[in-house]
């Protein structure tokens, strides 16, 4: 399936200034991928990719991830219809993190609990020092039970 070839890690200069993709995967063989909306820049989710998921994403133009909980590949939107079309992939200076700029099909949501973004709450501190979460997205885009058949 995969045609994309990732380069082996090079020296610091090649990694920081070169033109080859030399991703640094962690001890579990994964790299973090921050996913943003191509039109708005809104952060939608964070996923993890292994080398094969990254290659599949490059080859297909649709986002693939490695599910740490299920220990398997998953194409975002395969069940929900919320396919992420990848417009651009960025890497940071030492190539140990990615940013995917995507558009989302279907209802435009990304979060498996029904919100547009997985980042639907913000951290706030009360006057008494209590740290809590406050919703910044108040309405779900869809009912997850209707798509996934579970709560």
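Helical content of the chain, expressed as a calculated mean residue ellipticity at 222 nm, amounts to -3500 deg cm²/dmol (DSSP H runs of 4 or more residues, -39,500 (n - 2.57) each, divided by residue number, nearest 500). Expressed to the nearest 5 percent, the antiparallel share of DSSP beta bridges inside the chain is 80 percent. Against the empirical curve 2.2 N^0.38 Å, the C-alpha radius of gyration of the range 54-151 lands at a ratio of 1.29.
Each peptide in 121-131, 136-146 gets a packing score, the mean of other Cβ atoms within 10 Å over its residues, and the list from highest to lowest is 136-146, 121-131.
Report the Cα centroid-to-centroid distance between the range 85-151 and the range 48-76 in angstrom, as an integer. Here the answer is 18 Å between Cα centres.
Any read-out appearing in this document is the output of simple, stated calculations on the displayed coordinates, not a laboratory observation. Every value quoted in this text rests on a predicted model; they were computed, and no experiment measured them. FYI the Cβ positions are ideal-geometry reconstructions off the backbone, even for glycines, and counts take in every protein chain you see.
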